[in-house]
Amino acid sequence: MLIGLQNVTFEFGARLIVEDATWHIQPGDRIGLIGYNGTGKSTLLKVLVGEYTPSKGSVEKSKDTTIGYLHQDLLSFDTNDNITEVALSAFERVRALEKEIEELGHALEQDSENESLLIKYTDSLHELDVLDGYNIHHKAEEVLHGLGFSNEDLVRPYKEFSGGWRMRVLLAKMILQQPDVLLMDEPTNHLDLPSIEWLEKYLLHYKGSVVIVSHDKFFLNRMVNKIVELYQQQLHIYTGDYEYYEQEKMIRIDMQQKAYENQQDFIRQQERFIERFKAKASKAAQAQSVQKRLDKIEKIEDVKLERPDLRINFQLEKVPGKVLVELKKVSKQFGTIKILEDAVAEIERGDKIALIGANGKGKSTVLRMIAGTETFTGERVWGHNVEESFYAQHQLEALTLSNNLLEELQQCGSKKTDVELRSLLGAFLFSGDDVDKKIKVLSGGEKARVALAKTIVSKANFLILDEPTNHLDMHSVELLASALNKYEGSIILVSHDRFFISQTANKIWEIVDHKIKEFKGTYQEWVEWNERMAKIEAEKQKLGYQQPKQENIPATKPEPVAVKNPVKENPGPIHKEFQKELQKQQRKLGSLEAELTKAKEVEAACETALGDPDNYADRNKFVKLESDYQSAKSRRLQLEKEYEQVFETVLDLESKNI
């Protein structure tokens with residue numbers, strides 16, 4: 001065991017977080033720590049690292065175990081150092097050795113015969129080599145690049161970066177420290193999709209143990225081999241990924257519910273017996289005995305899932321025209337940073353578009369351009385009857401601080417009943433008396449959830465959503481995705497939550513070379529299409545490095561090999577047979593060359609068709625195209641093999657100088 005809790009009970013103020021919990025983190029564990037918002041997941045991590053002391057039980061830790069802890073409070077750290085220096089601070093011993101070696105080197109320049117200094121200098125160099133100290137700059141740059149930093153960023157001061165990018169630097173430092181246990185509180189909140197994918201690949205090969213608090217189902221499914229759920233002040237441990245946890249939890253709930261119902265039936269029967277016979281002298285002692293047994297029974301808890309449900313029916317007042325908005329030759333840049341250049345795009349009725357890509361590509365900028373809150377050159381044309389509603393972080397400023405939550409949603413003009421609005425607020429983690437809270441007393445995250453609820457419940461037929469899943473737990477993300485699937489209007493959204501995108505989008509937009517590239521299909525289909533394109537490109541590269549021999553056929557006949565030719569010296573029937581065979585093979589070579597040219601054209605046409613998103617979106621069509629492509633490729637490879645064999649035969653015959 002590296003670290004763990006033994007019979008721990010912890011209260012935060014008057015609120016019980018966990019009771020009599022035991023949890024051991026073993027080498028090789030990759031654990032997802034989950035639970036509804038507010039249950040105390042982050043608090044539990046602080047108990048593990050010793051920031052909070054449990055009221056009962058103990059935190060156990062192996063003597064040599066090192067812990068890395070990534071959490072939101074780290075953002076208070078500030079420095080003028082560039083981000084490479086911040087990341088390199090992970091190598092404390094190596095940096096100390098570098099300084100020591102430099103000082104010893106200067107000392108040896110003054111006293112080169114000092115044997116003691118020379119021994120220290122040699123020992124320090126050896127230790128630096130053992131610690132792989134010569135590669136720390138390369139390691140730091142590799143991790144920073146993986147987390148989305150450019151070469152130019154590496155020399156910029158840490159203090160110039162925003163909170164999200166600062167968190168990436170601190171994540172890089174922690175990764176480079178290589179602790180035995182990594183505790184990570186919502187690491188994907190500050191990452192774009194490429195950086196999340198990089199982190200996944202890195203952590204999958206990480207030799208230490210990892211504990212992750214995350215609301216990203218895709219991330220957890222790929223990352224973890226255990227789930228620890230904090231639920232009703234208890235820790236429930238599941239050995240498997242998140243998908244296994246979901247299935248297993250439902251089985252456990254079903255079993256507990258049946259056990260509870262059986263026990264309740266038994267208790268009712270016994271209580272009826274007690275009630276019936278407690279007043280009879282002959283049965284009173286027996287009734288008392290039954291009562292004592294009942295009092296000692298360990299009660300099975302009723303299964304009450306503490307999770308909100310969302311029952312909102314969206315009814316649009318106005319049906320828009322076929323095209324909601326059209327972007328015509330739009331361009332946008334900030335200083336020297338170009339976002340779009342003469343880009344064109346169109347959003348049609350029924351589109352549910354996910355705009356994806358790396359941070360810095362301008363996704364949020366494009367949403368603001370569509371919403372009309374960002375200037376640009378070019379033209380944006382609205383369609384008929386379009387009523388848009390835009391959700392972004394700046395929408396928090398539009399909330400009326402003196403309103404309570406229910407009043408704020410009533411202002412949307414959606415004509416929803418208070419019961420429906422309360423249901424919606426419940427889905428956004430506001431329950432019971434929370435709806436009576438004033439907006440002014442809410443935290444930033446709570447205000448963001450209210451603003452999102454307002455956007456969703458509005459009478460708009462076109463929603464523009466920028467990172468709507470921030471500040472939501474997993475179940476609320478599921479509810480939001482379900483609600484948007486029922487929504488009859490159109491949507492364009494930016495999100496780093498792949499589960500959410502996969503559940504909502506029917507089109508994918510990506511900014512490529514300052515243009516908006518559209519893929520007609522779901523997120524999963526887009527991923528598969530990209531994998532297909534990457535595989536085709538890899539095959540192209542492979543062929544490019546290993547060109548078929550026929551492409552290097554010399555234009556002129558090779559010089560005759562100067563060897564003694566018995567056929568030439570003794571002309572006759574055998575000589576004619578050689579000539580016939582040569583002519584036959586040359587004709588065959590010409591025929592194969594023509595067939596090979598045609599086969600390459602067919603393969604290229606299939607390849608082009610496979611690269612068309614419209615064809616990929618039609619599954620039946622794609623399956624047929626893929627089959628055609630494989631057949632064409634197989635035919636081309638077979639012809640190349642035959643061509644090479646015949647070509648070698650021709651060269652051999654010609655070398656005899658017949």
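The values are calculated or read from the model by the stated rules, or taken from the named source; none is laboratory data. In this text the structure is predicted, and so the values were computed from the model without any measurement. Glycine also receives a Cβ, built like all others from the backbone with ideal geometry; neighbour counts cover every protein chain displayed.
At-a-glance table
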read-out: Residue check, residue 357 on the phi > 0 side of the Ramachandran plot, touching a helix residue (DSSP H, G or I) at 6+ places or on another chain (Cβ under 8 Å) and of a type outside the set (A, V, I, L, M, F, W, C); value: yes
read-out: Failed criterion for residue 9 (all others in (1) farther than 26 Å from residue 132 by Cα; (2) out of contact with any Gly (no Cβ under 7 Å at 6 or more places or on another chain); (3) modelled with pLDDT of 90 or more hold); value: (2)
read-out: For residue 23: the one exception among (1) in contact (Cβ under 8 Å) with a residue 24 or more places away in the chain; (2) exposed (fewer than 13 other Cβ atoms within 10 Å of the Cβ); value: (2)
read-out: Test: residue 247 is of a type in the set (S, T, N, Q) and either closer than 23 Å to residue 39 by Cα or not in a helix (DSSP H, G or I) (or both); value: yes
read-out: Members of the range 376-428 that are among the hydroxyl-bearing types (Ser, Thr, Tyr) and in contact (Cβ under 8 Å) with a residue 24 or more places away in the chain; value: 377, 389, 391, 400, 402, 414, 423
read-out: Residue satisfying condition, being under 26 Å from the mean Cα position of the chain (by Cα) and either in the same structural domain as residue 215 (by TED's automatic domain parsing) or more than 29 Å from residue 1 (Cβ to Cβ) (or both), within set 74, 44, 97; value: 44
read-out: Residue within the range 186-194 that is of a type in the set (Asp, Glu), in contact with a helix residue (DSSP H, G or I) (Cβ under 8 Å, 6 or more places away or on another chain), at pLDDT below 90 and closer than 26 Å to residue 76 by Cβ present; value: yes
read-out: Filter result (closer than 18 Å to residue 200 by Cα and either out of contact with any Pro (no Cβ under 7 Å at 6 or more places or on another chain) or without any contact (Cβ under 8 Å) to a residue 60 or more places away in the chain (or both)) within the range 481-499; value: 496, 497, 498, 499
read-out: Filter pass, residue 279 being assigned to a loop (DSSP other than H, G, I, E, B) and aliphatic (A, V, I, L, M); value: yes
read-out: Filter pass, residue 172 being outside any helix (DSSP H, G or I), surrounded by 11 or more Cβ atoms within 10 Å (Cβ to Cβ) and at pLDDT 90 or above; value: no
read-out: Elements of type helices (runs of 4 or more DSSP H) in the range 423-510, at least 2 residues being among the charged types (D, E, K, R); value: 444-457, 474-486
read-out: Any chance residue 58 is modelled with pLDDT under 95 and assigned to a helix (DSSP H, G or I); value: no
read-out: Qualifying residues in the range 144-157 (those that are under 17 Å from the mean Cα position of the chain (by Cα) and closer than 12 Å to residue 169 by Cβ) - the one surrounded by the most Cβ atoms within 10 Å (Cβ to Cβ); value: 147
read-out: Matching residues in the range 373-413 - criterion: being closer than 28 Å to residue 323 by Cβ and acidic (Asp, Glu); value: 374, 379, 387, 388
read-out: Subset of the range 377-419 (residues that are surrounded by fewer than 20 Cβ atoms within 10 Å (Cβ to Cβ), on the phi < 0 side of the Ramachandran plot and part of a loop (DSSP other than H, G, I, E, B)); value: 383, 384, 386, 387, 399, 400, 401, 402, 403, 411, 412, 417
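Every residue, every condition in (1) of a type outside the set (A, V, I, L, M, F, W, C); (2) under 30 Å from residue 188 (Cα atoms); (3) in contact (Cβ under 8 Å) with a residue 24 or more places away in the chain; (4) in contact with a Gly (Cβ under 9 Å, 6 or more places away or on another chain), yes or no:
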| residue | (1), (2), (3), (4) |
| --- | --- |
| 96 | no, no, no, no |
| 114 | yes, no, no, no |
| 125 | no, no, yes, no |
| 129 | yes, no, no, no |
